Every structure is written in C-alpha cells, then in structure tokens.
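Scroll down for the structure; my scribbles are underneath it.
The values are calculated or read from the model by the stated rules, or taken from the named source; none is laboratory data. Just so we're clear, the structure is a prediction, and the values are computed from it rather than from any experiment. With ideal geometry, Cβ positions are generated from the backbone for all residues, glycine too; neighbour counts draw on all protein chains shown. Areas reflect the complete protein model, heavy atoms only, side chains present, ligands, DNA and RNA absent. Shrake-Rupley method; radii C 1.70, N 1.55, O 1.52, S 1.80 Å.
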Amino acid sequence: LRLFMGLSPAAQASILVEGPLALEQIMCGLMQDALAAFVQVLSSLKLHKNGFDADDYNSILAEIAQARVEAMFGWQAHEQSPGGVTSKGNPGRRDWVLKKGGVAIAVFEAMKAARPSDKSIAKHFHKLFGYSQAAILFHVTYAVNGNVGELEEAIEDVAKSPPLGTSYIGHRPI
C-alpha cells in the first residue's frame, strides 16, 4: 500500500481502472459517491431550521470526499484554498481542491441556485478556469428548489460556452 500511495494520482488510477481517462473515471466515481452521501447527510440536518450556505455545504462535501480518498490514495481536500486568479486579477479562493503532495488533482467550485436564469451560474463556472491548471474541474450547483432539470439544462448551456481561450469538448453529468 505504501508503494501505491507513492505513485502519482494518474498512475494510481491506471492500476485500478483500465482504459483511457482512468483518473477522470476515479474522480467522477468519487464525486458520485460523495454527493450521494452528502444528500443523505442533508436529510438529517433540519435545513428548514438551519441557515446553511454554500460554504457549509462545501465543507461537508469536502470532508466526505477526503474520507473516501485519504487512506487509500494519500489525497487531501483543502477548503477555501488560495490559487489562480479571479477575473479582476485578484488571488482566487477556490471552494475546495483535492491535492496530493501539494499538487492540485481537481478543483471544485460550487454554488446554490434557485433559478436557471441565475447569472451567477456562468460566473461560478467560468471561475474554475482561472483557478487552476488542474485537468479535472468540477462545478457543483446545489439546487434550492425543485427545478433540478431546468438548472441542469442551464448549466449545460453555460458549459458549452466556456471562457475565451478554452474549448468545449464535452461534459459528463454526475
């Protein structure tokens, strides 16, 4: 296990998953599992009584993700991790980053949204591209009402129009 933990994240993933994009497959599986656990945790938090914001949600999700990867891979989740730059040229503050040995594996930007017309969806999505050179970027939208399908469509539209200097190749909903 110690030899395995000493490998790069891509090498670790290629041992566990056959074929191309092994690290991306591991990361997507991690996020699927972490988000499923997150939904279970939320049901017990009495959201109607407690005013949780996106940072609270991010903390819970980051801890769940770290619990799933730290012992096996040696990866750590870092919340409110500084890195990259904002659109105004200021230092970026990423919601959380999954790292190994101080190197970013994936960057996560999240927000709460109630309406598909929320202009901050594009703002939060586009922030990701200035925050890191990591090859894996996750945008998480916490839907605060029942418009999940409409929000998904709005996020897909935003993804298909990435910031200048970036090409849309595709996406995979989790």
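A 1.4 Å probe over all protein chains sorts Lys160, Lys123 by accessible area into Lys123, Lys160, starting with the largest.
Note on the chain: Cα convex hull, mean projected area over all directions, 10.7 nm². Largest to smallest in accessible area, the residues Val41, Val148, Val107 fall in the order Val148, Val41, Val107 (1.4 Å probe, all protein chains included). Applying 1/(1 + (r/R0)^6) with R0 = 35 Å to the Cβ-Cβ distance of Lys112 and Ala10 gives a FRET efficiency near 0.60.
Between Ala67 and Ser161, the C-beta separation translates, for a Förster distance of 30 Å, into a calculated FRET efficiency of about 0.30. The value of relative contact order for the chain, using C-alpha pairs under 8 Å at least six residues apart, is 16 percent. Here the accessible area is traced with a 1.4 Å probe on the protein chains. For the chain, carbon and sulfur cover 55 percent of it. The residues of region 48-174 expose on average 55 square angstrom of accessible surface per residue, using a 1.4 Å probe on protein heavy atoms. Per the Debye formula on identical point scatterers at the alpha carbon atoms of region 66-122, with no solvent, log10 I(q)/I(0) at q = 0.14, 0.19, 0.27, 0.29 Å⁻¹ is -0.50, -0.76, -1.05, -1.13.
Per the Cα gyration tensor, region 92-174 maps to an equivalent ellipsoid with semi-axes of 22, 15, 11 Å, ordered largest to smallest.
Per q in 0.22, 0.23, 0.25 1/Å, what log10 I(q)/I(0) does a Debye calculation on the alpha-carbon atoms of region 1-55 return? Once normalised to I(0) and log-transformed, intensities are -0.83, -0.87, -0.95. With a Förster radius of 41 Å, plug the Cβ-Cβ distance of Lys88 and Asp33 into 1/(1 + (r/R0)^6) and report the FRET value to the nearest 0.05. For Lys88 and Asp33, the calculated efficiency is 0.70.
In terms of solvent-accessible area of protein heavy atoms at a 1.4 angstrom probe, what is the ranking of Glu18, Glu109, Glu153, highest value first?
Glu18, Glu153, Glu109
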